[in-house]
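Report on the structure given below.
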Amino acid sequence: MDYTAHLDDALTRLHEEGRYRTFIDIERRRGQFPHAVWTRPDGSEQRITVWCGNDYLGMGQHPTVLTAMHEALEATGAGSGGTRNISGTTVYHKRLETELADLHGKEAALLFTSAYIANDATLSTLPKLFPGLIIYSDSLNHASMIEGIRRNGGAKRVFAHNDINDLRAKLEADDPAAPKLIAFESVYSMDGDFGPIAEICDLAEDFGALTYLDEVHAVGMYGQRGAGVAERDGLLDRIDIVNGTLGKAIGVHGGYIAASAKMCDAVRSYAPGFIFTTSLPPVVAAGAAASVAHLKTDAARREAHQTQATILKTRLRGLGLPIIDHGSHIVPLIVGDPVHTKTISDMLLTDHGIYVQPINYPTVPRGTERLRFTPSPVHGPREMDALVAALDGLWSHCALNRADLAG
């Protein structure tokens, strides 16, 4: 077999479909977020504004977080030195798990190297703990949840997105005595819509199912203390397992689950994705713990973030641009064609110093390609004005208005 030819064919297909993903080399500079420096292909540098980052609240630049990380670095050095089971559990890891358990009102929390691994490892392990487990998964769940459910070897049912009636029908069709778990998200990242948490919890109680809620795009962002949408809606005590990330609103790195002490202990003891992975560096755990603790008392930052998201959506809607608005902080602008999406993204970057990555299939369905904006409290009026003006001009330049897309 000509392996190189096969690689060439695979990559050529992506280029021809306009779906080839290009890395943009940027350097975030302390104290300047959301601004960064882009290294152009010719080696020159250009100052840009990042509009697609997941550091939703700018906590990756917060002095409290940076101070905690500096102190931990000086105290402990770089890495953890091992897995959690073999020399890789430190006071920093335990402190962070305690902060996270408290945040979600749970007995315990368990750290992973990413939220992807937390989802994959936990969902692939649960059938070992509950033989015969059936997992009911929302059709738009994140790839990490899908992968974990696929790998677990147990039964799965995929219900239509946010469709309570379809979920109920699938629950009714299965053995009432079988163990069950419903896996879903609080905020779906591509459209920015909310999961019907209360209604799903009602069904879980009716059918004796566990609830597994991915709050990755909500942790730090919603609720009085930043625990997520479940806290905002007064539903923390009805969720059995929460998945969250430390790499978005928390501004650092890593992932976790929060649940009962027995659940965390069982996952810790059985999940290969936890057992055989080097633990987070103490410096990372220290920064994340400081961020979580700070955000528990910084409701003003969350309010400012929601205000900025509302302003951006209002202004883009005023231009007649086809945004999706489900009331969350995520602002998707539907372009509907991968080539046009990439063209607008490239022109925003090169001509206006605005960085927003194109989102194409398979992340979103074909025909719904988009630019996904994530405004933050540190995107001020100047950055907002520049973005709106650039989009207004480029949308007209590319002849991509509502009528064109509808046709």
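The values are calculated or read from the model by the stated rules, or taken from the named source; none is laboratory data. Note that the coordinates shown come from a computational prediction; the quantities given were computed from them, not determined experimentally. Glycine also receives a Cβ, built like all others from the backbone with ideal geometry; neighbour counts cover every protein chain displayed. For accessibility, only protein heavy atoms count, side chains too; no ligands or nucleic acids. Shrake-Rupley method; radii C 1.70, N 1.55, O 1.52, S 1.80 Å.
Before moving on, here are some points about what is shown:
- If you run the Gaussian network model on the chain, springs between alpha carbon atoms under 10 Å, then out of Thr343, Thr125, Thr245 the most flexible one is Thr343.
- Additional length obtainable on full extension of the chain from Asp206 to Asp25, 0.36 nm per residue less Cα span: 60.1 nm
- Relative to the current alpha-carbon distance between Arg40 and Asp102, full extension at 0.36 nm per residue lengthens the span by 17.9 nm.
- Fraction of antiparallel bridges per DSSP, the chain only, in percent to nearest 5: 55
- Highest GNM mean-square fluctuation among Arg382, Arg302, Arg84, for the chain modelled with Cα contacts below 10 Å: Arg382.
- Table column - 3J(HN,Hα) (Hz), the stretch 380-396, Karplus curve with 6.51, -1.76, 1.60, x for Gly and Pro: x, x, 5, 5, 5, 4, 5, 5, 4, 5, 5, 5, 4, x, 5, 4, 5
- Relative to the longest principal axis of the Cα atoms of the chain, the long axis of helix 91-104 makes an angle of roughly 90 degrees.
- Stretch gain in nm, segment Thr307-Asp175, where the contour uses 0.36 nm per residue and the Cα spacing is subtracted: 42.8 nm
- Highest-MSF residue in the chain out of Asn119, Asn243, Asn152 [GNM, Cα springs under 10 Å]: Asn152
- Relative contact order of the stretch 329-379, defined on C-alpha pairs under 8 angstrom at six or more residues apart (%): 49
- For the stretch 216-301, fraction of C-alpha pairs farther apart than 20 Å, in %: 40
- Residues whose amide H falls under 5 Å from that of Arg366, counting only those 5 or more places apart or on a different chain, are absent, with hydrogens built in the peptide plane.
- With the simple model of a label 7 Å out from the Cα in the direction of the Cβ, Ala299 to Ser139 spans 3.8 nm.
- Phi angles across the stretch 175-190 convert, under the Karplus curve 6.51 cos²θ - 1.76 cosθ + 1.60 with θ = phi - 60°, into 3J(HN,Hα) values of 4, x, 7, 6, x, 9, 9, 9, 10, 7, 10, 8, 10, 8, 6, 7 Hz, Gly and Pro given as x.
- Rolling a 1.4 Å probe over the heavy atoms of the protein chains gives the chain an accessible area of 43 Å² per residue.
- Summary value for the stretch 263-388: 22 percent relative contact order, contacts being C-alpha pairs under 8 angstrom separated by 6+ residues.
- Per atom type, the stretch 162-313 shows carbon and sulfur on 52% of its accessible surface, probed at 1.4 Å.
- Solvent accessible area, Å² - Lys156, 1.4 Å probe, full protein context: 100
- The chain: equivalent-ellipsoid semi-axes (sqrt of 5 x gyration tensor eigenvalues, Cα, Å): 34, 27, 22
- Annotation: amide H-H contacts under 5 Å for Ser279 (H modelled 1.01 Å from N, sequence separation of 5 or more, or interchain): Gly82, Thr83, Arg84.
- Separation of alpha-carbon centers, the stretch 267-295 and the stretch 338-400, rounded to whole Å: 34
- Derived scalar couplings ³J(HN,Hα) [the stretch 292-302; Karplus, 6.51 cos²θ - 1.76 cosθ + 1.60; whole Hz; x for Gly, Pro]: 4, 4, 5, 5, 4, 10, 10, 5, 4, 5, 5
- Accessible surface, 1.4 Å probe, highest first, among residues Glu97, Glu71, Glu199: Glu71, Glu199, Glu97
- Cα pair distances of the stretch 210-356 binned at 5 Å [whole percent]: 2, 8, 13, 16, 17, 14, 11, 10, 6, 3, 1
- Cut-off under 5 Å, modelled amide H: who pairs with Tyr136 long-range: Arg157, Leu181, Ile182, Ala183
- Taking the chain and dividing mean pair separation by its residue count, relative contact order in percent (alpha carbons under 8 Å, at least six apart): 21
- C-alpha long axis of helix 197-207 to longest principal axis of the chain, angle in °: 30
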